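This report concerns only the one structure given below.
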Amino acid sequence: FDSSKPYAQFQSLLSKVEQEAKNDTFKFKTVILDSYTFYSKTMLGKSMSIPHHKRAVPGKGGLDDYAYIARQFLSDHGRMFDLPCNFIGIGHIKRVTDEQTGATTNSLLFDGQASSNYAPKLFQEVYRSFVKMENGKPVHFLQTRPDGKYECRTSMVDMPSIIPMSYSEIIKYKRKDK
């Protein structure tokens with residue numbers, strides 16, 4: 001992994017798996033983008049290397065950079081959703097408190113607010129993972145429905161709002177195609 005050009009490497013890898021899909025040599029059931037935080041930083045790094053992008057503050061992302069991120073984000077996701085597999089995106093949560101109202105919102109931690117807002121809308125299933133201590137041990141859970149603090153959703157009608165985090169638990173609620 002060459003850390004100097006991570007977005008170019010991401011593009012190269014995506015092109016490779018697209019070619020495998022075209023050649024019927026694609027062997028994955030699931031592709032995971034982990035994490036959106038790093039992915040967005042790689043896109044910003046690529047954009048910052050484009051000399052004609054205008055920036056109000058040298059060395060800080062500007063409107064041209066965030067427009068680039070939004071375009072690339074939508075393009076990349078179109079390509080990833082076209083792959084013949086499940087696609088999972090993992091991201092960190094950004095918590096923001098409005099100074100005037102005190103209201104707290106949680107969203108995807110992502111360079112470029114527009115893309116931060118797009119990401120959850122692209123997925124049919126959007127969960128929040130969290131850990132609770134039970135009997136002195138950490139237990140992992142998924143929140144599957146919104147609670148006013150987190151943007152979560154599921155298309156699985158009978159799925160509870162909170163479930164243990166495991167594939168076997170999620171698949172219990174998968175719709176059975178007739």
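Based on the Kirkwood radius over alpha-carbon pairs, what is the Stokes-Einstein translational diffusion coefficient of the chain at 4 °C with 1.567 mPa s viscosity, in µm²/s?
Numbers: Rh = 18.6 Å.
The diffusion coefficient I find is 70 µm²/s.
Among Lys41/Lys121; Lys29/Lys172; Lys94/Lys172; Lys94/Lys121, which pairs are too far apart, with a Cα-Cα distance over 22 Å?
Lys94/Lys172
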Query raised in the report: Which stretch or stretches of segment 18-54 have amide N atoms under 18 Å from the point lying 7 Å from Phe81's Cα along the Cα→Cβ direction?
Result: 18, 30-34, 36
**Report entry** Loop GluC sites (Glu not before Pro), segment 11-101 (other Cβ atoms within 10 Å of the site Cβ: 13 or fewer; DSSP)
**Finding:** Glu99
Report summary line: Note: Ala21 to Glu169 extended length (0.36 nm per residue) minus current alpha-carbon separation gives 50.4 nm
**Report entry** Extension gain (nm, one decimal) between Ala67 and Asn135, 0.36 nm per residue minus Cα-Cα
**Finding:** 19.7 nm
Report task. With the Cα gyration tensor of segment 1-71 in hand, convert its eigenvalues to equivalent ellipsoid semi-axes via √(5λ) and list them largest first in whole Å. Result -> 29, 12, 11
Requested in this report: Before anything else, pin down the relative contact order of the chain: Cα pairs under 8 Å, at least 6 apart, normalised by residue count, whole percent.
Outcome: 16 percent
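A short reminder: the numbers here are calculations on the coordinates, not readings from a lab. Please read these numbers as outputs of a predicted model, since none were measured by experiment. Backbone-built Cβ (ideal geometry, glycine too); neighbour counts: all protein chains shown.
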